[in-house]
Amino acid sequence: MSSSTAADAPCNADIIQNLPLPSNVDCYTPNKYGDTVVLGMEGSANKVGVGIVRYRPGNATTDTDANHIPATYHILANPRKTYIAPTGQGFLPKETAWHHQQHIVPLVKAALEEAFPDEAEHDRPRLVSAIAYTKGPGMGGPLLSVAVCARTLSLLWNVPLLGVNHCVGHIEMGRMATGASNPVVLYVSGGNTQVIAYSDQRYRIFGETIDIAIGNCLDRFARVIGLSNDPSPGYNIEQLAKQGTTYIPLPYVVKGMDVSFSGILTQVEQLAKTHTKEDLCFSLQETLFAMLVETTERAMAHTGQDQVLIVGGVGCNKRLQEMMEQMVQDRGGTVCAMDHRYCIDNGAMIAQAGIFELQFGQTTKLQDSWCTQRFRTDQVQAIWRAP
Amino acid sequence: MTVQIVFDPSPSSDWTLLSQGAEARVWRVPTNNDTNRSTTMEVDDDGSALKPPSFLVCKERFAKAYRHPDLDTKLTKSRCRSEARLLEKCVKMGLSHQVPAVVRVDPPKLFLEYLDGPNLKTFLQQRAKQQQQKRKRHRQEEEEEPHHQQTEIMEEKDSFSSIDFDDLAKRMGQLIGKLHNIDIIHGDLTTSNMMMMTTRVPTNDNEEIIEIDDNQPYRLILLDFGLGKSTTSVEEHAVDLYVLERALQSTHPELPTDFMESLLQEYATIREAKAREVLQRLEEVRKRGRKRECFG
């Protein structure tokens, strides 16, 4: 591998304040080094990724700080491949599924090689304790393509399966990567727009879009003005927006803590005939992101929290991060933002959420390892978090 | 019946900051009326002489630096004016005792009647905590003396310690029903925007006062109409209810599961013929949330 897909140092488990592991857990075996390694596989939209996360237990000593070695979680590898549709088109389930089927095995091999470079190729699977995969939500064909590979490997390597909710994966990766133990979460991507806050072992959805997701709105607009999908339509909108100068008033629709985007999409599609792409991209971003920041601020006021975590592909957008930062500063809080490695769908986030499930005995039997296109974030019982 | 209120609308050090929400700062503004009087607008037993209040509330929307200035000015001014207009409409059309009265509009500042009472959200959360602690105590006692006969623990007497959830649900249903009947949607129905007023209510009101323990009647007040709208749209009415439903689920998981049902039953009674369409649409809006393609 020429460059590492997982370039960060290990993360200290103490900061995330999950429950201490139950002492009678015997449903998985650590590898020969005493580590628990989970391989996570993600492919619910047009990105397919395989991530390897290692949990190394600490020494749990509390006598002196100097003697205490904290438990750590370390991302050992996180390669990913994106299916980019031709300009002017969105990505369709069939082609996306084929793309994932083509790339999943090479990704698994690449991830294992990057994670365990000093082991012989045939020895690497023996270091993996379990396989996590995205149960949902997402697109049917792509989800299944990855799930079939996960099931096959779990049978081949004789390790348990862990079905993971895609949104929960984003959240757990976010908490781990940024050290934010209990933030208000803004989850914004091509398929999701939710404002989430944790309470009593569930990730509760405080606000969401009542029609389309913000990423979907941006992607569709990009198609209308003929922007390339490479590397992603949202990225190209962001670059054009930097050159916009005139703010064009657009519909701003916030209902309580919910948002609505279909009205603004219709409006901006019509305006494409009479305004420059730059000004439209600029105005669209300013309006859409203001709506998100407003609903996030309300959730913060409502729950009394002062930390915000932005996850999902749209979270890569620097202007959104900037606006959120400004809002949060005015309230005396902090924004936890990540870069494209973890904002965008990836395998390690599935492995991360999977490790927590594994530690609390929540493995998925083969007959239960189905996928579902609709899987609400609040349906998951986050048994690993303190109630 | 109107009352003359004399006060200085320009900010001064006499103003006390009551709270700072996501959108506005709320100040308590002293009036120049006789301060020996009570702080709320009261009607005497014979229905005469409205006493002028000693305080008013100033709701000051502040500029948000993260928004584009054009968008920001548009939002703060329009929400301020819209809120004032809606409150005035409520007062004119029979909801005068369940929303604050508007005294003066000075965008982005809005001067309103000063109402004092516990915020419903805080009240419910405190009560939930109390119940949790009580259950913990019960459990601890069970552990210590497992054969000890369960004794009644005297309820700590605070103002609303024995609130009837069914009653609360009905009151909410009634209030929202009346609001929708005058074609106004609130736009941000949550328990943070509701308040429980304990002042004795005027007897010339048609509303039945339902008493709860210790002869402490309360009435539900609705605040923060900044996202509200005048509309006859069935869709908007349904979404208004949906926003409340989700807010209750996410903020108050301790509420009984039939809370929303009781609320909607009362809502339907108030809305009569219009109820069926709205409730049907509500079901569709709920399905939209569950059926959404959530990929990416």
Exercise. Residue check, A:Val188 against (1) within 11 Å of another protein chain (Cβ to nearest Cβ); (2) crowded, with 24+ Cβ neighbours inside 10 Å; (3) within 22 Å of B:Pro253 (Cα to Cα), all met but one. Which one?
Worked result: (3)
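Could you please let me know if B:Phe111 is of a type in the set (Phe, Trp, Tyr) and more than 29 Å from B:Ser12 (Cα to Cα)?
no
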For this session: Among residues belonging to segment A:354-373 that are assigned to a loop (DSSP other than H, G, I, E, B) and more than 14 Å from chain B (Cβ to nearest Cβ), point out the one that is farthest from A:Arg54 (Cα to Cα).
Result: A:Trp370
Exercise. How many residues, within segment A:289-299, are aliphatic (A, V, I, L, M) and facing another protein chain (nearest Cβ under 7 Å)?
Worked result: 2
Exercise. All but one of (1) at the interface with another protein chain (Cβ under 10 Å from one of its Cβ atoms); (2) at pLDDT 90 or above hold for A:His302; which doesn't?
Worked result: (2)
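Considering every residue within segment A:282-304, establish whether at least one is in a loop (DSSP other than H, G, I, E, B), assigned by TED's automatic domain parsing to the domain that holds A:Leu186 and either in contact (Cβ under 8 Å) with a residue 12 or more places away in the chain or surrounded by fewer than 18 Cβ atoms within 10 Å (Cβ to Cβ) (or both).
Quick first cut of segment A:282-304, residues in a loop (DSSP other than H, G, I, E, B) only: A:304.
Going one step further and asking which of them are assigned by TED's automatic domain parsing to the domain that holds A:Leu186, we end up with A:304.
Those left that are additionally either in contact (Cβ under 8 Å) with a residue 12 or more places away in the chain or surrounded by fewer than 18 Cβ atoms within 10 Å (Cβ to Cβ) (or both): A:304.
The answer is yes, given that some residue of segment A:282-304 is in a loop (DSSP other than H, G, I, E, B), assigned by TED's automatic domain parsing to the domain that holds A:Leu186 and either in contact (Cβ under 8 Å) with a residue 12 or more places away in the chain or surrounded by fewer than 18 Cβ atoms within 10 Å (Cβ to Cβ) (or both).
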For this session: Answer yes or no as to whether A:Ala348 is assigned to a helix (DSSP H, G or I) and either in contact with an Asp or Glu (Cβ under 6 Å, 6 or more places away or on another chain) or free of Cβ contacts under 8 Å to residues at least 60 places away in the same chain (or both).
Result: no
Seminar exercise, completed: When segment A:74-124 is checked residue by residue, the ones that are surrounded by 22 or more Cβ atoms within 10 Å (Cβ to Cβ) and within 14 Å of A:Ala348 (Cβ to Cβ) are A:Ile75, A:Leu76, A:Ala77, A:Asn78, A:Pro79, A:Arg80, A:Leu107, A:Val108, A:Ala111, A:Leu112, A:Ala115
For this session: Give segment A:118-147 a look and list any residue that's in a helix (DSSP H, G or I) and farther than 26 Å from A:Tyr55 by Cβ, or say none.
Result: A:Gly140, A:Gly141, A:Pro142, A:Leu144, A:Ser145
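Looking at this structure, is A:Gly263 more than 10 Å from chain B (Cβ to nearest Cβ) and at positive phi? First the steps, then the outcome.
Values: more than 10 Å from chain B (Cβ to nearest Cβ): yes; at positive phi: no.
Answer is no for this residue.
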Exercise. Residues in segment A:347-361: is at least one over 19 Å from the mean Cα position of the chain (by Cα) and either outside the structural domain of A:Gly40 (by TED's automatic domain parsing) or among the hydroxyl-bearing types (Ser, Thr, Tyr) (or both)?
Worked result: no
Problem set entry | Residues satisfying the stated conditions in segment B:244-290, i.e. of a type in the set (Gly, Ala, Ser) and over 26 Å from A:Thr295 (Cα atoms) | B:Ser262, B:Ala268, B:Ala273, B:Ala275
Problem set entry | Out of A:Asn182, A:Asn229, A:Asn192, A:Asn216, sole residue that is polar (S, T, N, Q) and farther than 21 Å from A:Val311 by Cβ | A:Asn229
For this session: Might you let me know whether segment B:89-109 holds any residue that is under 26 Å from A:Gln321 (Cα atoms) and crowded, with 19+ Cβ neighbours inside 10 Å?
Result: no
Problem set entry | Single condition A:Lys318 does not satisfy, out of (1) surrounded by fewer than 17 Cβ atoms within 10 Å (Cβ to Cβ); (2) more than 13 Å from chain B (Cβ to nearest Cβ); (3) closer than 28 Å to A:Leu19 by Cβ; (4) not hydrophobic (A, V, I, L, M, F, W, C) | (3)
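The values are calculated or read from the model by the stated rules, or taken from the named source; none is laboratory data. None of these values were measured; they are calculated from a predicted model. Note that we place each Cβ from the backbone using ideal geometry, even for glycine, and neighbour counts take in every protein chain shown.
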